[in-house]
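This report concerns only the one structure given below.
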Amino acid sequence: MTQISVVTLLREVSGREHLVTRPLGMEIREKIIKNIISSDSKVITIDFNEVGIVDYSGADEVVVRLISRVVNKELGERFIILKNLVPIHRDNIQAAFQINKKYAVFELYNDYLSLIGNIKPMLIDILVKIYNEQIMTARNLADSTKSEINLAGTKLLQLFQERLIMRKEDTLLEGGRQFTYYPIIDKKIKLGR
């Protein structure tokens, strides 16, 4: 897992510790992207430790637009986790996600994961189930929810495409393939923070 310190980038660019204004946010996002591209890790932690103010424009440019690029596969197969957010950071990041009406990201907080952003309500229970059970296939999900395997597979694929879970492809002995889905990191999800 690669960790990127936002405050270090802010100090390099502006000499300050506040992520405010759209132009500064754009510059910080581009520096984060360069760090991500140069990393071999699929899981990237964006650390907000010691960051002062994060306004709406900074949250939108650095977090929401970065997640958009990750979800659209512009940075390869990457998964983003935020950490060390304070309430003002979290509130403005949540507001930026709400206005954009799409995407979500995990925050690592007190040894559990909390979701910030937008996710289809029908996917929340499945996401929690994957993080609780640590591994899931479409067959497992269909059996445990008494649903069709195609529907279960579609829901798992949506969570993977949103970059909220990882997946691995296995070739079956009898022919064909099966995807196994698993958490980005080994932590439980706590909803409703």
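The values are calculated or read from the model by the stated rules, or taken from the named source; none is laboratory data. If you're wondering where the values come from, they're calculated on a predicted model, not measured in any experiment. Every residue, glycine among them, receives a Cβ derived from its backbone with ideal geometry; neighbour counts consider all protein chains shown. Only protein heavy atoms, including side chains, enter the accessible area calculation; ligands, DNA and RNA are left aside. Shrake-Rupley method; radii C 1.70, N 1.55, O 1.52, S 1.80 Å.
Considering only alpha-carbon pairs that sit under 8 angstrom and 6 or more positions apart, the relative contact order computed for the chain is 17 percent.
Here are some pairs, Lys83/Lys146; Lys31/Lys129; Lys42/Lys155; which of them have Cα atoms lying more than 32 Å apart in this structure? Listed pairs above 32 Å: Lys83/Lys146; Lys31/Lys129. At an R0 of 22 angstrom, the distance between the Cβ atoms of Lys129 and Met1 translates into a FRET efficiency of 0.40.
Only protein atoms count toward the accessible area here, which uses a 1.4 Å probe; on the chain, the carbon and sulfur part of that area reaches 49 percent. Once the C-beta distance of Ser144 and Asp40 is scaled by a Förster radius of 45 Å, the resulting FRET efficiency is 0.85 to the nearest 0.05. For the chain, the per residue solvent-accessible surface stands at 51 Å², with DNA, RNA and ligands left out and a 1.4 Å probe.
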